Structure formats: structure tokens, C-alpha cells
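All remarks here apply to the structure that follows.
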Amino acid sequence: MQFVEGNTVGIDLGTTFSTLARVNDEGEPIPIPNEDDDIETASLVLLTESGRVEVGPSRTRAAMEKPENVIERIKRHMGTQEYKRTFDGKEVTPEFVSALILKKLKQDCEKRIGMIGNAVITVPYYFNDARRKATQDAGQIAGLNVIDIINEPTAATLTYAWHRGELGVTKVKNFKPRRVLIYDLGGGTFDSTLVEYTPSHFKVLATDGDVMLGGVDWNDRILEFVCEEFKEKYNLDPRDSEQTIQILRNDCDIAKIELSQHTETVIHLRHEGKSAATRITRKKFDELTVDLLQRTIDTTDFVMEQAQVKYSELDAIVLIGGSTLMPQVSARIKEHTGMKPYTNADLDPYTAVAKGAAIHAAILESQNRVNDSTLSNRVKKLLESVREEDVNSHALGIVAIEPRTKEMINHIMIPRNTTLPFEVSETFRTNKENQEKITIQVLEGDAPDPSACLLLGKCRITDLPSNLPKGSLVQVNYSFDKNGRIAVKAKETNSGKEAATNIDRRGTLTDEQLETFTKLAAEYSVE
């Protein structure tokens, strides 16, 4: 792990808002405000003119722009190749757009604390390998040395433990390991993660999530309801106008927040010279979104089943993410689990993930940056003994032939929620006479059908001996380290022929594209 000159920070790169934090000399994780003195920066990008973009404007300001100039919810597109957007005559990617957000956070923070060199960036636990690499690439494009990608629930657990005075070397004797469920409902993603920890050891027991479920989906339910009411009244559909919908999205977001504080609200909509005022009660809002909330409960139940832990065995359920402030969330969790979620004025659901990323960054710095660390000696001593253990959020397997059906299947080698690092070895058989080569296809995913999984790479054994009988043994060794690197080795036991491959995180950008976007981001003025 290489550190460069400058401060080390943690960044919560969110779907709707992003936050940067660092650990100060007292060992306290502190969010750093942007130039407008706001802790959060909207993950909203306005493509205003050649060579210039605006990051983090108010939603009212964004609603006044042409829809084609507004980019939002970009996190949901990370690691995908389907997203297409053109600006300044250039096709931009989710990595580049996210890099503009990171650049804004970086330059605003540097005005307050000086040069930033190193960063830990958070991702939902359920991000697959391509999405994680895309996040790492975005950091590089923004001019950051990304020393690690950390899962958001793990970061939140570090913040929780810090707030309780249970992080690092303490004087607590006979500390009983605590089991904490992190329920993380953000603007665009959801994770549920069970963590067991002591002051010096953090271990993820199980996790699951949904990268397409978050507060914006609650907003969209309000939007659809308002549009249907308008359509029924005037036989006009506001959804036909991108400009109208852009303004309405802002109003629906405000309405959702108001319904967290009041029992009803009114949304005013004007479209094609017609206007309507739609009244929405909290009860109606809960009815419109009951299935979304149930999806989070189903996911959480699955996590508990995977870990073989009962709700009664938990020490706490911690709510993270601004969307957990909706009253329906805590009420449903209490009803379902019998536990009242943990609440503490100091544990801000908006900043807990960024603070945890800063703590994780400080832990890495205390353990790896010996001579030029920006941490005080007291903080280094506190954190240098903390160890963290994660699990893989997606299964890893290979393509194999099912003996009975002769169909291609995804044979799981490392199941999801396996503690990392992990290594496994299994023996397979060749499936035809005189086989000349063997190809091991490395998959990420839980689906039985290989075509529904992500192909990470291939490992080939060639020049096998002639007249090799069907059913010859092939030993496959599969390892996965905590940094996300996969190593696969295959050996045909008769001849001793073998092959091996190492698979690092792969994204959708080539090295050439990465270099091009890095230069382009440096040229752009971000305001």
C-alpha cells in the first residue's frame, strides 16, 4: 500500500449527497464542510458550458436547467457500459462524472486543511467487482491516491464503535463481543450488514443489499402518484415533459422530508397551463411505499439467516443513511424485530459513513505510513492495533458441466459471506476423450446460470498429452484476498500441466481511457 504526500481522508460518495471527513489530532472523525459551509455536497452535476461544470447546486437551481444538462443518480450507473452521455463533443462515463464530484469535494476541502493526497472511498457492500473498480477509477481521475475501497456498513460500524468509546486499545477488560446490525438506507442504495466487534477486531458476519433501492425510489412513488392524479383531472400527463418532471422531482424530495416531520403536505404542479394541488398524508405515503420498505426487511431477514443469528441476540440495530429518518422505517423495524433502533444525537445518519471512512483511512495510515504520517502519535497508538475482517458480498465460481443434465452451470467455489482471505481447492474431471485444452472460466455471482453472472477472467491449460482419457482429474485452486484480488490455478494431474491467473479488479475503462479522462478532469473548471 503506497501513500503519497498530503492529508488522508475518507469520502462517502453517495447517490444523492457526498461527504468528506478526516480524523483530527484528537482522534475524532470530523466532516469537512464545502465552500458553502455545508457538510454534504449534492451528487448533482450541471454541464453548463465548455470546460466548466457545476457540482452540488441546489435542486431548485438544477430544476431551472435544461434536463439534458443535469446529471444525477450517477452512482447507480457505476461499472456499467450502457450509460451514454455527451458533453463538449466528448462521450463521458459514470467514472468521469463521479470524478467531477470527487474533485469538487477535494478542492473545497483543500481550502480548509491543505493538500489532500490519499483517500478511502466508500461503496455499498453489494457493489460487485466492476462497480468497485469504477469507483477506484473515479478517484484516480479526480487526482486522488485511492488507498482502499471500504464498504459503507463497515465504515458505519467503525463510527458507531468510536461514538461508544469502544474503538482501539482501551482499558475495558473481558469485553464481550458486540453484534450490531447496520441498516443502511441511503439515497439510492440499500445494505444490511451484521458485524461482530471488540475494541480491536471488527468482523463482518453476513451482508446483502440492493444497489437499485434507496430514498429516490420513495420520491418516485410520490411523483407517480401526483402525475396520475393530474392526468385523471386534466387528461394530460406531466411525465411527457422532462422540464416539468425535473421541477417535480425537487418538489417530491421536499415533500418526503416534510412528511417525516408532519402528517401531511401539499404538492403544487403546473403543466401546459393547468395547475393542481395534490394533498398527500403520511398514511398515504406509507401505503404507496410499503413494498419498498418490505424489500429492506426481506433483505435484512436473509442476512440474519445467513449468519444464523436471531434478532434477540443483537446488541443494537443502527440506522444509517438519510432515508432512515422517514418514520415508517424505524417503526417497521421495531415492529418486525422487537428492538428499538439505536439512536444517538452524535451518530448522524448523514455523516456516519464518511466518518467511518476517515477512521478506516487513519487505521491504514497508522499501520502503513510510518515516517510521514499526518496523524498524531496518540491517534496512531490508538488505531494501530485495530484489525478488520470482511466477507465477500458475491459468490465466486467457475463454469462447470452438471453430470446429470450435461448443462453448463455456475459451480460456486467461494460462497457469498465467506470471511476473507479465503482459499479452496476442488477436483474436477475432463468431459471428453482426447481433450487438448482446459479452460477455467472465473465467475462472480450467485445465479446457477453462468450467463447471468459476471465473467471475471479465464485460465487455460493447453498442449495436453494425446489420448487423454475422459474423466481425467483437474485440480482447481481458488483464492480470494481481502484486497479483492483473485488467484486461480488449474492442474491436470496425469501430465502435471498447469496454468494460473491473477485477477485484479477490472472496470469498464481501458488504461488509455483512464489516462484521457484524468487529463480531461484536470482541465475542467469545477464550481
Packing-based exposure ordering (other Cβ within 10 Å, fewest first) of Asp481, Asp191, Asp251: Asp481, Asp251, Asp191
Express as a percent, rounded to the nearest 5, the fraction of DSSP beta bridges in the chain (both residues included) that run antiparallel. 80 percent
Scan around Phe202 for amide H atoms under 5 Å from its own, H built in the peptide plane at 1.01 Å from N, and keep only partners 5 or more places away or cross-chain. Arg387, Glu388, Glu389
Compute the angle between helix 129-141 and the longest alpha-carbon principal axis of the chain, please, reported from 0 to 90 degrees and rounded to the nearest 10. 60 degrees
Select from the stretch 413-477 those GluC sites (Glu not before Pro) which occupy a DSSP coil region and have at most 16 other Cβ atoms within 10 Å, ordered by residue number. Glu433, Glu436
Please go through the stretch 387-486 and write out the trypsin sites (Lys or Arg not before Pro) that DSSP classes as loop and that have at most 16 other C-beta atoms within 10 Å. Arg404, Lys406, Lys432, Lys437, Lys470, Lys482, Arg485
Compare the Cα positions of Asn368, Ile71, Thr135 along the charge dipole of the chain (+1 at Cβ of Lys, Arg; -1 at Cβ of Asp, Glu; about the Cα centre) and return the one farthest towards the positive end. Asn368
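Calculate for the chain the 222 nm mean residue ellipticity that helices alone would give, adding -39,500 (n - 2.57) per DSSP H run of length 4 or more and normalising by residue count, nearest 500 deg cm²/dmol. Don't jump to the answer; show the numbers that get you there.
Working: 11 runs with 164 residues, N = 527.
So the calculated ellipticity at 222 nm is -10000 deg cm²/dmol.
Give, rounded to the nearest 20 debye, the magnitude of the charge dipole that the stretch 274-416 has about its Cα centre when Lys and Arg contribute +1 at Cβ and Asp and Glu contribute -1 at Cβ.
Numbers: 19 positive and 19 negative charges, 110 e Å.
Computed about the Cα centre, the dipole is about 520 debye.
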Listed pairs Lys75/Lys406; Lys231/Lys340; Lys90/Lys482; Lys66/Lys103 exceeding 30 Å between Cα atoms: Lys75/Lys406; Lys231/Lys340; Lys90/Lys482
Is there a quick way to get the dipole size of the stretch 238-351? I mean about its Cα centre, with the Cβ of Lys and Arg at +1 and of Asp and Glu at -1; what is the value in debye to the nearest 20? 420 debye
Sequence-distant aspartates and glutamates (8 or more away, or on other chains) whose Cα lies within less than 14 Å of Lys489: Glu423, Glu426, Glu498
Rg/Rh of the stretch 215-286 (Cα atoms, Kirkwood Rh), to two decimals, equals 0.94
Tell me the GluC sites (Glu not before Pro) within the stretch 68-101 that lie in a loop according to DSSP and have at most 14 other beta-carbon atoms within 10 Å. Glu82
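Just order 391-398, 98-105 by mean Cβ neighbour count inside 10 Å, highest at the front, would you? Provide the component values of the computation, followed by the final result.
Numbers: 391-398: 23.1, 98-105: 25.9.
My ranking of the peptides, most packed first, is 98-105, 391-398.
If you take the Cα atoms of the chain, find Rg, then find the Kirkwood Rh from the mean of 1/r over all pairs, what is Rg/Rh?
Radius of gyration over Kirkwood radius for the chain works out to 1.00.
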Positive-end residue of Gly215, Gly186, Ile440, charge dipole of the chain with Cβ unit charges: Ile440
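Arrange the following residues from fewest to most other Cβ atoms within 10 Å of their Cβ: Arg239, Arg112. Show your work: numbers first, answer last.
Numbers: Arg239 16, Arg112 11.
Ordered from fewest to most neighbouring Cβ atoms within 10 Å, Arg239, Arg112 come out as Arg112, Arg239.
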Can you spot the aspartates and glutamates whose alpha carbon is less than 16 Å from Lys133's alpha carbon? Ignore those fewer than 8 places along the same chain. Asp12, Glu95, Asp148, Glu152, Glu444, Asp481, Asp504, Asp511, Glu512, Glu515
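Taking 23 Å as the cut-off for C-alpha to C-alpha distance, list the pairs among Lys334/Lys355; Lys256/Lys334; Lys106/Lys355 that go past it.
Numbers: Lys334/Lys355 26 Å; Lys256/Lys334 21 Å; Lys106/Lys355 16 Å.
Listed pairs above 23 Å: Lys334/Lys355.
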How far apart, in nm, are the 7 Å Cα→Cβ label points at Lys310 and Lys470? 5.2 nm
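Dipole of the chain, Cα-centred, from +1 at each Lys and Arg C-beta and -1 at each Asp and Glu C-beta, to the nearest 20 debye?
Numbers: 66 positive and 81 negative charges, 218 e Å.
Computed about the Cα centre, the dipole is about 1040 debye.
Any read-out appearing in this document is the output of simple, stated calculations on the displayed coordinates, not a laboratory observation. If you're wondering where the values come from, they're calculated on a predicted model, not measured in any experiment. In this analysis, Cβ positions are derived from the backbone assuming ideal geometry, glycine residues included, and neighbour counts consider all displayed protein chains.
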